[in-house]
1. Can you pull out the trypsin sites (Lys or Arg not before Pro) in segment B:1-73 that DSSP calls coil and that have at most 16 other Cβ atoms within 10 Å?
2. Compute from the Cα atoms of segment B:215-325 the Rg and the Dmax, the latter being the longest Cα-Cα distance, and quote both in angstrom.
3. Per residue of segment B:10-19, what does 6.51 cos²θ - 1.76 cosθ + 1.60 with θ = phi - 60° give for ³J(HN,Hα)? Whole Hz please, x for Gly and Pro, Karplus curve as stated.
4. Among the listed pairs A:LYS285/B:LYS109; B:LYS290/B:LYS556; B:LYS63/B:LYS246; B:LYS190/B:LYS606; B:LYS120/B:LYS290, which have their C-alpha atoms separated by more than 30 angstrom in this model?
5. Rg and Dmax of chain B, Cα atoms, in Å?
6. Where does segment B:457-616 land on Rg/Rh, using Cα atoms and the Kirkwood Rh?
7. Describe numerically, in nm with one decimal, the distance between label points set 7 Å from Cα along Cα→Cβ at A:LEU339 and at B:PHE300.
8. Report the net charge of residues surrounding A:GLU324, where surrounding means a beta-carbon distance below 15 angstrom and charges are Lys +1, Arg +1, Asp -1, Glu -1.
Amino acid sequence: MNNQRSFFFNVDWVTVFIYLALCTIGWFNIRAAVFDPAHAGILDFKTDYSKQFWYIIFSLGIGTVILLLESRFIIALSPAFYIISLLLLILVLVIGRNVGGNQAWLSLGGGIRLQPSEFAKFATCLLLARYLSATNVRIAEWRSFFIAVAIIGVPMLLILLQPDMGSTLVFYSLIFVLYREGLSPYFLVISALFIVLFLTSILFTPLYVIAVITALALIIILLFRKNKKLTVTIITGLAICIAFVLSVKFIYNHVLQPHQKVRIDIVLGIKSDLRGKGYNVYQSKIAIGSGKLWGKGYLNGTQTKYSFVPAQSTDFIFCTVGEEWGFAGSGVVLGLYLLLVLRIIFIAERQRSPFSRIYGYGVASIIFFHVFINIATTIGLAPVIGIPLPFISYGGSSLLNFTMLLFVLLKLDSNRMGIV
Amino acid sequence: MNSFFERRYVIAGIFITILVILLARLFYIQIVDNRYAIYANNNVRRQKISNAARGPILDRNGKVLVQNVPFYDIMVTPKQVKPFDTVEFCKLLGIDRAAFDKQWIKAVKYSPYLPSVFEKQLSATTYASLQERLSEFPGFDSTPRYLRTYPDSVAAQFLGYIGEVQDKDIERSGGYYHPGDYIGVTGVEKSYEAVLRGQRGVENLMVDSRNKPKGHYANGLFDTAAVAGQRLTSSLDISIQEFGEKLMQNKEGSIVAIEPSTGEILCYVSSPTYDPNLMVGRERGNNAAKMYANPYNPFFIRPIQAKYPPGSSFKPLSALIALQEGIITPQTTYFCPGYYKAGNRKIPCNNGEAHGLVNLSSAVAKSCNGYFSMVFQKILDHNGTRQTEATFATWRAKVNKFGLGAKLGLDMPGESRGNLPTPLHYDNVYKPGGWHSSTIISLAIGQGELEATPLQMANLECTIANQGYYYKPHLIKAISAQNVIRKEYTERNYVGIDSQYFDPVINGMQAVVDNGTAIRSKIPGIVMCGKTGTAQNSHGEPNSVFVAFAPRDHPKIAIAVIVENSGEGAHWAAPIASFIVEKYLRGSVSQRESGITPEYFMNANKLPDIIPKIRKTVPPPIPPNLKKDSANKANKQRR
């Protein structure tokens, strides 16, 4: 009895509340996006909103089950989860169903499909936490670093083969976890630097970019010319950067697929193909932009109601939010996400067990990355890479995965006083 | 917790920063940038225009002159088209394969998703056969469009025609017209455009991304229903209009008849004319081109655009001014030796025929050139020959009061002012002071520079019939179902001649018909007062002119008839005028003493020779009764 009471007392109800709020918002917006007066029912499993209703119920069930499990059990099984997810990722490459150019789906029969890459995020997060929480592991050491990178890299590589660029990039967000656990901040800086270099090299002539970074490097060297070690580092870095800049065109033209290239071009404003490749984003921006401050009202969004935005219940669900609820509604949703990730960081930091903390950062990073890329895509700040908006986008796999991700953290957190 | 505890702030900071950037961007596109709301609106909003039915035009007795008939535009939405039997489709549409391909390319170029016109103006009969099979051709659709139809095919120049708006019309209308709309181009259709066109209806529809309609924008708050154009009741009498057009066929010329007590135009014939139905439908362009190429120029609106020397028909006016000024009295006589000598010029009288002693009435009846030359010289010289210029200016102003030399302000575009020479004109031709009454003596008999339109001549007869005033002539007597009459048409325009002076002139004019030059055109039982004219011109035979009004007491109709280059007024214009007058007053044409029949005039061809000559048919032989003595006598008394 006592145990039972303290269990519910210990669950972080703030997070649960945000989770439920986001699921509810999601359900209402999916309904708005694909509303069909002929099938207004929510129980018949015929429309997306009816299906999502059952997905939410099912996810809540799974979430409850997770809360009832032993934490120890989850931790112990994390390698098994990881291996299962790798096997599924290999399986999907062999017998997967191709949806929208990606071989990402496993058909389970009866129209139910599973996306192993979603599960892989969860499993990778768990294993990474388990590895990094081991007492003899220090990320600053090369060996530990490489093993951590391998844990993240293997599923990444398998997903890249599908090729699902969006889900692949999600794994990169785990760099925040490594950083929190002691990875040199240079990795973050270098990551940011390389993104900037990549984009500027596409936008401008590589020669100009090289000229600018060389000039910058020279200024730094001149300012700190007493520091020999820094000079050497800068020169080495400069050489790598120049090599990278020179290879960008090659990567861009030969490694990336044509549709990815076009999507990048559109975000950078190099190309504008409003009726063709740029149609999605253009219509999405129109939907969100036309929402103004208060939005057009529930079920009154013309862009969504009259299907101007493709994929509007999944990757472009934020259009419905922006159009029907306006800046106010968009702000509330963004606020809820910010609250959620900050709350997760807060939860992570209050853990006594390193495993729980590391896992918590993994959850925060993955959710944050999804939110950032998804919303940035809908408003034309990021190229279209097709990742869902957590808890809001339509889709059973995605919802279930995020629910598991979150509820495992809640379970760990509810146990935080115990020794894991 | 470990030693990197403070890194939580870095990570949280990065998360917050990035989400704030997203929020700022949302703020920009949702609040600051207004374009997206407009784009969203453009995406879903489609204006569906329903064209207003144009107002019909009736004749004075309520018979329809022009009304609307539905035509069908075939529309195509290329993306919705599925493979179909093109050969069959072309056959149904009545076009060939090349035209089909051309239209198809045009439609695809316009928009694959939006409907555009594929084939314009299918008649109801063509459409009937296509309609039941239209469902076999998905992507093709039809929209009705109302065009004009003319049940009796009359009064083409009077009614005018409508045509698609030009860019400049659209610009000038301030957005009222849209490309593809129709607008009155000539005639009453043009001058009453604002009344006839009505108000188009606009439906604001919402469409989805596939352009399927999904209901009304803002629940129809901004929708307006089409309001049909107003009905016009014209002053025309369709029976005499039709009769007049028949009488004038194969002749160049004009008939204008006016009701003197109202100024309403009863008959408005411009010959050669055309079937107004030719200016409607798919063959319109070809028909119009043919008519433009026609050397007799059917588009020329002769009643108001053709200028003729009035010839002797001007003489009554000349006499009236002299009477009013007291220069002559009805008793003033003149001995006609067969010519008139003005200075060193000699004006012959009817091929030298001497009229002997004539007074005013008999001068009018016999059309004595000498008498009126004498009158004209008396007028111009009564202030002394040094004052000729000023005296002429006064005289001119008096003539001008009758509506000559100025537009009468008919409710139809294109009116000519005729020509009433100014003193300045003569100053330029001769030199100031270098011209005298004898120099311009031909004005006395309606020749010289003097020119008037048939409308002006008919209006002059109205003034004589009314003994001193006229109503502004007009074509439309009432607007809308409420029969609104413009105020300007109810005001009398006085010409400055006292009514007492009209009797002697009218006596003369009655004599013209009773026993004068126009005796052959005498209508049994109706007293018609008229004046023949045989106006010389440079194009060959003289123009045959006749002006008249009838009956003498309480005149009901005033008329001017001109048959170009046909000969003498008594021969052509006067009989035609008499038929119209009788038909109008009596409803039918009775047997004439002179034996003239309408059929003879209908069949006569007096079209001038133009090489290559078209439409000239062999003129029927002159009926033998015309060659009888009485007719010959009348011939001799011409003018």
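Coordinate-derived values only; no laboratory data. Worth saying up front: this structure is predicted, and the values here are computed from it rather than measured. As a convention, Cβ positions derive from the backbone with ideal geometry for all residues, glycine included, and neighbour counts pool all protein chains shown.
1. On the way: sites: B:ARG7, B:ARG8, B:ARG25, B:ARG35, B:ARG45, B:ARG46, B:LYS48, B:ARG54, B:ARG60, B:LYS63; in loops: B:ARG54, B:ARG60, B:LYS63.
Loop-located and lightly packed - B:LYS63.
2. Taking only Cα atoms of segment B:215-325, I get Rg and Dmax of 22.0, 77 Å.
3. Each residue's phi maps through the Karplus curve to give 4, 5, 4, x, 4, 4, 4, 4, 5, 5 Hz.
4. Beyond 30 Å between Cα atoms: B:LYS290/B:LYS556; B:LYS190/B:LYS606.
5. Just the Cα atoms of chain B yield Rg and Dmax of 33.9, 144 Å.
6. 1.02
7. The answer from the label model is 8.9 nm.
8. +3
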